[in-house]
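The block underneath contains the structure these notes are about, expressed in C-alpha cells.
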Amino acid sequence: MFSGKKVLTPEAVFHYTPNSLDIGRLGLVVKKSFFGQAVIRNKLRRRLRELFRLFAHRLNGFDIVIVVRKSQRVPEYGTLKCGFEKLIEAANR
C-alpha cells in the first residue's frame, strides 16, 4: 500500500509522506462502488484538486494520497477543507 503517515477524517483518509522534490504530488481514490455516478466522482475529484491547489504552497515536498470514504452523502467543500487543514497541521509537525 502506501508507506508514510495518515490523517483520518470521517470523509477521507489522507496519506502523506515526504518526497525528495520541491513540489507536492497528489493522488486521488474515489471508488465507483461508493459513488456510482461519474458526475459525483468527478465533482469530488475537482473539489479535492482545487483544495490541493489552494494549499499547495504549504504542502511542497510531500506526496499525498486521498482515499474518499463511503458515506450516504457527498462530502461538502467545507468538510474536505477541514481535512486538508488537519493534514497540513500534521505534516508540518
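The values are calculated or read from the model by the stated rules, or taken from the named source; none is laboratory data. Here the structure is a predicted model, which is why all the values come from computation and not from measurement. Cβ atoms come from the backbone with ideal geometry, glycine included; neighbour counts cover every protein chain shown. For the accessible areas, the whole protein counts, side chains as well, though only heavy atoms, and no ligand, DNA or RNA atoms are used. Shrake-Rupley method; radii C 1.70, N 1.55, O 1.52, S 1.80 Å.
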Considering only residues that are assigned to a helix (DSSP H, G or I) and either among the aliphatic types (A, V, I, L, M) or farther than 17 Å from PRO18 by Cβ (or both), look in region 54-77 and name the one that is least open to solvent (accessible area, probe 1.4 Å). ALA56
Search region 58-75 for residues that are more than 17 Å from GLN37 (Cβ to Cβ) and in contact (Cβ under 8 Å) with a residue 40 or more places away in the chain and pair each with any residue that is among the aliphatic types (A, V, I, L, M) and open to solvent by 30 Å² or more (accessible area, probe 1.4 Å) when their beta-carbon atoms are under 6 Å apart and the residues are at least 6 apart or on different chains. ILE64/LEU26; ILE66/LEU28; VAL67/VAL29
Test result for LEU8, of a type in the set (A, V, I, L, M, F, W, C), surrounded by 11 or more Cβ atoms within 10 Å (Cβ to Cβ) and free of Cβ contacts under 8 Å to residues at least 24 places away in the same chain: yes
Have a look at LEU28, LEU51, LEU80 and point out the one that is in a strand (DSSP E or B), touching a residue at least 24 places away in the same chain (Cβ under 8 Å), among the aliphatic types (A, V, I, L, M) and surrounded by 14 or more Cβ atoms within 10 Å (Cβ to Cβ). LEU28
